[in-house]
């Protein structure tokens, strides 16, 4: 794309949306390459830059910064990076999060794993919300998040419009919760951004509920303590192993009972004249 003659002339702002769609289709079809290796990516629209290869989050940050940069006079350059942001979120985010999920559930050292304390079942927090729970749930579904329930917390003087997003009680729920948190982080609407500017009007922030939220004062902490418990990833894995062991024991007992019943029936049938 970058070598074609059409790049020699720019486009108007009114043509930007169509141009983003064109670039997006080229990315989806594989005509423009982004992935450099399993863990590294390149920006296909900035070949002259010194840093040609990025990790996923760094390339997404680069594309977002270029697309939003007020100093960017080249509308086509902006459109290409907008399409790259869209492509990465829609087609590469799941692969990136899969590696994060694998790391959290399997590969973290014991000491580090113990520090990942979450509210269980998995709960996402939305702050500064101003719409109904059904609207929030529908909006999250449109973005690809599989949620179990969304609850708005009652308003009070210390509540900046909180909502709790409940995810499924399994690893797929955790996967969706991680996607939820990363989505807000990438848009600079994560927890650290909320803490820095909690009263930003018109901005909704989101993150996964952890121990500091659970222990917090006010209505948020109160509802989190009513809704779940604190557990580490290691705790949840251990619980699953105990449940699986119990399931196997119960199945073995059931099989033994069925065999005993069958033996009883065969004996009774064999003694019948």
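Among the residues of the range 100-131, those that are modelled with pLDDT under 50 and closer than 18 Å to residue 173 by Cβ comprise 100, 101, 102, 103, 104, 105, 106. Considering the conditions (1) closer than 21 Å to residue 188 by Cβ; (2) modelled with pLDDT of 75 or more; (3) exposed (fewer than 14 other Cβ atoms within 10 Å of the Cβ), residue 64 is excluded by exactly one of them, (3). Screening residue 223 with (1) free of Cβ contacts under 8 Å to residues at least 60 places away in the same chain; (2) more than 11 Å from residue 118 (Cβ to Cβ); (3) in the same structural domain as residue 130 (by TED's automatic domain parsing) gives one miss only, at (1). Taking the stated definitions as given, is residue 31 out of contact with any helix residue (DSSP H, G or I) (no Cβ under 6 Å at 6 or more places or on another chain), in a loop (DSSP other than H, G, I, E, B) and modelled with pLDDT of 80 or more? Here the answer is yes, as residue 31 does meet what is asked.
Residues checked against (1) touching a strand residue (DSSP E or B) at 6+ places or on another chain (Cβ under 8 Å); (2) part of a strand (DSSP E or B); (3) over 30 Å from residue 90 (Cα atoms):
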residue	(1), (2), (3)
172	no, no, no
189	yes, no, no
212	no, no, yes
221	no, no, yes
241	no, no, yes
244	no, no, yes
250	no, no, yes
261	no, no, yes
264	no, no, yes
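The values are calculated or read from the model by the stated rules, or taken from the named source; none is laboratory data. Keep in mind that what you see is a predicted model, and the values were worked out from it rather than measured. Every residue, glycine among them, receives a Cβ derived from its backbone with ideal geometry; neighbour counts consider all protein chains shown.
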